[in-house]
Amino acid sequence: MGRGKGWFRSRRWWQQIALVLLFLLLAPIPCILVLGVIDPPVTMVMLGRVADRLFSGERPVWPAHDPVSRAGFSPYLRRAVLASEDDRFYLHRGIDFVELEKALERRRRGGRLRGASTLTQQVVKNVFLWNGRSFVRKGAEAYLALCMDFLLSKERILDLYLNLAEWGPNAFGAEAGAQYQFGKSARSLTREEAARMAAILPSPRRWPAKGRVANARVGTILARMQYPAPKVAPETTSRSPAPRRRQAPPR
């Protein structure tokens, strides 16, 4: 009888764990769907910056953040960000396993492990997660990125990124970033200015858009911007058989 009760309690314990895991898996889905139509007024990264400025005595505490519609972005900025941060954006499904494998291969050869985060991963990290390199956080980031790529369109994810990315000290989103870096709206950015905005994304609080690092990176980004972002996977095109030529009938 005791064994039966123990088995029953064990089963109930596993059921409770399964329910908690199911809740954790499903709970983000409504939040991601809301992001399909609403720009979040604040993100986890913004709150972290607010806390930092509050304790350090910097003012203003609240960041500059002015979300704009898709028409409010310079088309050059959209292409520049893809060229700099995620040129395979339209080819992957939230996680770029090709770039991830390249990063791991560089690490195996003794190089420094560079991040292979996609724009989608950066959006979910900024909105939902905390800073850090733990396996738990990276696992949550990967799962949320897959969900976001499945539930939202690529163009909407790119809009979210442009409106949420940090583009200068206490400046979030392309509009606030363009005003801080160039004193103009994000819609008015020229091709070179857009490339300079994209050039500082790895460290926008330390690198000004007219500074030395941006000067070194802008040429490469401008060169990549000459070509449209690929939207058809190379492996798909390579597998499609070439059309056969019809041979002329023998005379």
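The values are calculated or read from the model by the stated rules, or taken from the named source; none is laboratory data. On a predicted model such as this, the values are computed, not experimentally measured, just so you know. Glycine also receives a Cβ, built like all others from the backbone with ideal geometry; neighbour counts cover every protein chain displayed.
Within the span defined as the stretch 65-85, one or more residues are in contact with a strand residue (DSSP E or B) (Cβ under 6 Å, 6 or more places away or on another chain) and within 26 Å of GLY183 (Cβ to Cβ).
With respect to the conditions (1) closer than 27 Å to ARG59 by Cβ; (2) surrounded by fewer than 16 Cβ atoms within 10 Å (Cβ to Cβ); (3) touching a residue at least 40 places away in the same chain (Cβ under 8 Å); (4) not small (Gly, Ala, Ser), ARG206 falls short on a single one, namely (3). Scanning the stretch 79-90 for residues that are among the acidic types (Asp, Glu) and either closer than 11 Å to MET197 by Cβ or assigned to a helix (DSSP H, G or I) (or both) returns a single hit, GLU85. Listed here are the helices (runs of 4 or more DSSP H) enclosed by the stretch 154-251 that have at least 3 residues being modelled with pLDDT of 90 or more and either of a type in the set (Asp, Glu) or in contact with a strand residue (DSSP E or B) (Cβ under 8 Å, 6 or more places away or on another chain) (or both): 154-164, 174-182, 191-199. For the structure I just gave you, tell me whether ASN126 is surrounded by fewer than 18 Cβ atoms within 10 Å (Cβ to Cβ) and either closer than 19 Å to GLY36 by Cβ or within 15 Å of the chain's Cα centre (by Cα) (or both). So ASN126 does not fit the description; no. Suppose we filter the stretch 45-78 for residues that are part of a loop (DSSP other than H, G, I, E, B), more than 23 Å from ALA195 (Cβ to Cβ) and among the polar types (S, T, N, Q); how many remain? The total comes to 0.
Scanning the stretch 188-203 for residues that are closer than 14 Å to GLU85 by Cβ and surrounded by fewer than 22 Cβ atoms within 10 Å (Cβ to Cβ), we see that the one that is farthest from the chain's Cα centre (by Cα) is SER203. Does SER84 qualify as being in contact with a helix residue (DSSP H, G or I) (Cβ under 9 Å, 6 or more places away or on another chain) and at pLDDT below 95? Yes.
One residue stands out among those in the stretch 149-187 that are of a type in the set (D, E, K, R) and farther than 18 Å from LEU47 by Cβ: the one that is surrounded by the fewest Cβ atoms within 10 Å (Cβ to Cβ), which is GLU155.
Of the residues contained in the stretch 95-117, none is found to be at pLDDT 90 or above, out of contact with any strand residue (DSSP E or B) (no Cβ under 9 Å at 6 or more places or on another chain), surrounded by 18 or more Cβ atoms within 10 Å (Cβ to Cβ) and of a type in the set (S, T, N, Q).
Restricting the stretch 129-148 to residues that are among the small types (Gly, Ala, Ser) and modelled with pLDDT of 85 or more, which is surrounded by the most Cβ atoms within 10 Å (Cβ to Cβ)? Ranking the qualifying residues of the stretch 129-148, first place goes to ALA145.
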